[in-house]
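Data first, discussion second: the structure below is written as structure tokens.
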Amino acid sequence: MELNDILKIAVEKGASDVHLKPGMPPVFRVDGKLVQHPKTQRLTPQQISAMAKVMMSERQVQRFRENCEVDLAYSVPGVGRFRTNVFQQRGTVAISMRLIPFQVAAFSQLGLPKTLEKISMEGRGLVLVAGTTGSGKSTTLASMVQHINENRTCHIITIEDPIEFLLRDKKSIISQREIGFDTLNFVDSLRSALRQDPDVILVGEMRDMETIQTALMAAETGHLVLSTVHTMDAMETVNRIISFFAAYQQEEIRFQLASVLKAVICQRLIPRMDGKGRVPAVEVLVSTARVRDCIRDRKKTPELNDTMAQGYSTYGMQTFDMALMDLYMRRMITREEALANSSNPGDFEMRVSGVTTGDDSNYDEVAEKGDMVIERFQK
């Protein structure tokens, strides 16, 4: 079977990822679960090597030979675009591919909180989208850029490895740069971007201290900087950014981060109750005077979770557990999935059972939007 045939089947099955490994048939990730294609023979090392060469340019082939792995983007007309990693394992070539839709979905189509519209329209500062691999961070960032593109007149520069969503100019001008082709690395391209008259800069990933330091500087000098971090929640995101720096620098970085951070958006994809795909549970931290105080003072940083819960009505903030409660009450996810993904399963179980746990006024507001009846949540 040809590579493009495999990818076409993957798209028809609604797969998010495709894995090609010698000795196995193609494996698809559908709704978060790995599924082998039953009607395909096991792939040989020679077949996978040939598939890899089809996708790679001469420069990428050379990079693969030098580094034993390479990132690239591969498009199939009429099928889709794929973020691809070709790598070596046990002396043979293997391939992992992530499907990237041709069209960028709006916030409402993705089931993202409405407060992201306001966050996207910030004029300056730092906005971080956090989550594990495969949690939809790139999709959320693309939706934010598209929202800016449709509503603001500005120059947007993206720095990606590789370029994922292909964005067309609307109200804004968008310049997309790919590491290895249009620029050498994140740090140098981010520094150069500051001389390219940008209003918005998207950095694909905060990978190291230099990138973070330059991004903070860009946010300080009047630009809106968007990026991703591989963390589980808002508090861990703050701590992770600070941990990149030496101990003697951390107090200064806390003050710098507090002054530029506009929002942290963390997400997890949860299987839908009806079995039709997954839905995002989104934690949202928005910069307020109290949030800035919690970031500056290491002893107060653990208070960020309570701050988010208390900022639901006024600022549109919410914790993961509040997001899960909302999805559960709207019958979008099961009780079991909500508990499995909850930050505090014990407290969440008591809330669902109608038992009060401290100040639950914000959970009352979340629950009132749903279809289910929990006695304590009914006024």
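Annotations for the structure displayed:
- Set Gly204, Gly180: member being at positive phi and open to solvent by less than 70 Å² (accessible area, probe 1.4 Å): Gly180
- Meets criteria (over 27 Å from the mean Cα position of the chain (by Cα) and open to solvent by less than 40 Å² (accessible area, probe 1.4 Å)) for Gly23: yes
- Here Met144 passes the criteria (1) open to solvent by less than 40 Å² (accessible area, probe 1.4 Å); (2) without any contact (Cβ under 8 Å) to a residue 40 or more places away in the chain; (3) among the aliphatic types (A, V, I, L, M) except the one numbered (2).
- Flag for Phe102 being over 27 Å from Ala218 (Cα atoms), under 18 Å from the mean Cα position of the chain (by Cα), in contact (Cβ under 8 Å) with a residue 24 or more places away in the chain and surrounded by fewer than 20 Cβ atoms within 10 Å (Cβ to Cβ): yes
- Residues that are assigned to a helix (DSSP H, G or I) and among the acidic types (Asp, Glu) occur at least once in the stretch 199-213.
- Number of the condition not met by Ile157 [criteria: (1) out of contact with any Pro (no Cβ under 7 Å at 6 or more places or on another chain); (2) touching a residue at least 24 places away in the same chain (Cβ under 8 Å); (3) not basic (Lys, Arg)]: (1)
- Filtered by the rule that a residue be of a type in the set (A, V, I, L, M, F, W, C), under 27 Å from the mean Cα position of the chain (by Cα) and surrounded by 15 or more Cβ atoms within 10 Å (Cβ to Cβ), the stretch 44-69 gives Ala52, Met55, Met56, Phe64.
- Leu116 meets the stated requirement of being in contact (Cβ under 8 Å) with a residue 40 or more places away in the chain and either in a loop (DSSP other than H, G, I, E, B) or open to solvent by less than 40 Å² (accessible area, probe 1.4 Å) (or both).
- Selection from the stretch 1-20 of residues that are in a loop (DSSP other than H, G, I, E, B) and more than 26 Å from the chain's Cα centre (by Cα): Met1, Glu2
- If you check Ser227, Ser287 for being under 21 Å from Thr139 (Cβ atoms), surrounded by 17 or more Cβ atoms within 10 Å (Cβ to Cβ) and polar (S, T, N, Q), only one passes: Ser227.
- Filtered by the rule that a residue be part of a loop (DSSP other than H, G, I, E, B) and over 10 Å from Ser259 (Cα atoms), the stretch 275-287 gives Gly275, Lys276, Gly277.
- Members of the stretch 119-141 found to be over 24 Å from Ser75 (Cβ atoms), open to solvent by less than 10 Å² (accessible area, probe 1.4 Å) and small (Gly, Ala, Ser), listed by number: Ser120, Gly125, Ala130, Gly131
- Pair list, Cβ under 8 Å, 6 or more apart: the stretch 21-34 residue farther than 18 Å from Pro45 by Cα, other residue aromatic (Phe, Trp, Tyr): Leu34/Phe28
- Pair list, Cβ under 8 Å, 6 or more apart: the stretch 198-210 residue over 17 Å from Glu164 (Cβ atoms), other residue open to solvent by 60 Å² or more (accessible area, probe 1.4 Å) and modelled with pLDDT of 95 or more: Asp208/Phe244; Met209/Phe244
- Residue match in the stretch 220-234 (condition: without any contact (Cβ under 8 Å) to a residue 12 or more places away in the chain and either under 20 Å from Val187 (Cβ atoms) or acidic (Asp, Glu) (or both)): no
- Candidate set from the stretch 245-269 (those that are touching a Lys or Arg at 6+ places or on another chain (Cβ under 6 Å) and closer than 25 Å to Met144 by Cα); member that is least open to solvent (accessible area, probe 1.4 Å): Ala258
- Hey, Arg278 under 20 Å from Leu126 (Cβ atoms) and open to solvent by 50 Å² or more (accessible area, probe 1.4 Å) or not: no
The values are calculated or read from the model by the stated rules, or taken from the named source; none is laboratory data. From a predicted model like this one, the values you see are computed outputs, not experimental measurements. Please note: Cβ atoms are built from the backbone with ideal geometry, for glycine as well, and neighbour counts cover all protein chains shown. Surface areas here come from the heavy atoms of the whole protein model, side chains and all, with no ligands, DNA or RNA. Shrake-Rupley method; radii C 1.70, N 1.55, O 1.52, S 1.80 Å.
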